[in-house]
Amino acid sequence: MRALGGLGLIAALPACSSSYADLHLTVATGSRNGVYYTLGAALATAWRDALGMREPPAVTSTAGSINNLQLLGARLADVAFNQIDTAADQLAHTAPADPRSLRALARIYDDFVHVVVPANSALTSIVQLRGARVALGSPGSGVLFMAQRVLQALGISPDKDLRPVHFGLDESVAAMKKGGIDAFFWSGGLPTPAVADLAKAVPIRLLNRRRTSSRSTPPTPSTRPAPSPSAPTGSPTR
């Protein structure tokens, strides 16, 4: 499934002169092996060169979208990558005149929600995750936000029906290599380097939500079905 994501957000910045040479910015991204961090590093270099900054913006690795919103609100970051779902949830609870209100810089790409399992797993649909050891994403991440909503839309309680762990992407990949989990959720752009590298090391595949029910309700208003991203991981879907 596909969710609108990769949204660049900016907190209200103080006015500055026409010269950007001494401008200091901090960009909140995500896991170092995720797409947010890769894009953040590339944008920091591009901004330095295009704006004539003496130093590129600092690129910070974070837990993900919700953590990034917290950093923006605390003025510990100036620009942040965010899933549109978590940003919309924040805006719904923030008055327009609130100084913590956010502005969108750009919609950069669509996120794809991955549910990754070993290739030899008996699991063929998300509803079969009941009782399984599932990594749902780290606290403060958009992955956890999306995983909870996907499961709830299918009538699955993440806390009661699964054996959940709250691993980030790197921890999830390491755990799957060791056989420590049955599945993990990830939501990100294509390709996500860590998932692509995992597919080279261990046979994996992706669960296809559309096999669950053709009439199932999208977990969020900005989520829609999409072809399963088999090519970027080299992994089949089922």
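The values are calculated or read from the model by the stated rules, or taken from the named source; none is laboratory data. Keep in mind that what you see is a predicted model, and the values were worked out from it rather than measured. So basically every Cβ, Gly included, is an ideal-geometry build from the backbone, and we count neighbours across all protein chains shown.
A compact table of results
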| quantity | calculated |
| --- | --- |
| Every residue from region 17-58 that is over 21 Å from W186 (Cβ atoms) and in a helix (DSSP H, G or I) | L43, A44, T45, A46, W47, R48, D49, A50, L51 |
| Only one of V127, V115 that is of a type in the set (V, I, T), in a helix (DSSP H, G or I) and closer than 30 Å to I156 by Cβ | V127 |
| Among the residues listed as V173, V143, the single one being over 18 Å from T29 (Cα atoms) and among the β-branched types (V, I, T) | V173 |
| Among residues of region 59-101, those that are of a type outside the set (F, W, Y) and either at positive phi or outside any loop (DSSP other than H, G, I, E, B) (or both), counted | 25 |
| Given (1) surrounded by 18 or more Cβ atoms within 10 Å (Cβ to Cβ); (2) without any contact (Cβ under 8 Å) to a residue 40 or more places away in the chain, index of the condition G52 fails | (1) |
| Condition check for S141: outside the structural domain of D85 (by TED's automatic domain parsing), of a type in the set (S, T, N, Q) and modelled with pLDDT of 95 or more | no |
| V116 at pLDDT 95 or above, buried (at least 20 other Cβ atoms within 10 Å of the Cβ), outside the structural domain of T26 (by TED's automatic domain parsing) and in contact with a helix residue (DSSP H, G or I) (Cβ under 7 Å, 6 or more places away or on another chain) | yes |
| Residue in region 143-165 that is crowded, with 24+ Cβ neighbours inside 10 Å, in contact (Cβ under 8 Å) with a residue 24 or more places away in the chain and not in a helix (DSSP H, G or I) present | no |
| Residue among A3, A15 that alone is surrounded by fewer than 19 Cβ atoms within 10 Å (Cβ to Cβ), out of contact with any Leu (no Cβ under 8 Å at 6 or more places or on another chain), at pLDDT below 55 and of a type outside the set (S, T, Y) | A15 |
| Scope region 74-102; condition closer than 20 Å to Y37 by Cα and either among the charged types (D, E, K, R) or surrounded by 17 or more Cβ atoms within 10 Å (Cβ to Cβ) (or both); matching residues | R75, A77, D78, V79, A80, F81, N82, Q83, I84, D85, T86, A87 |
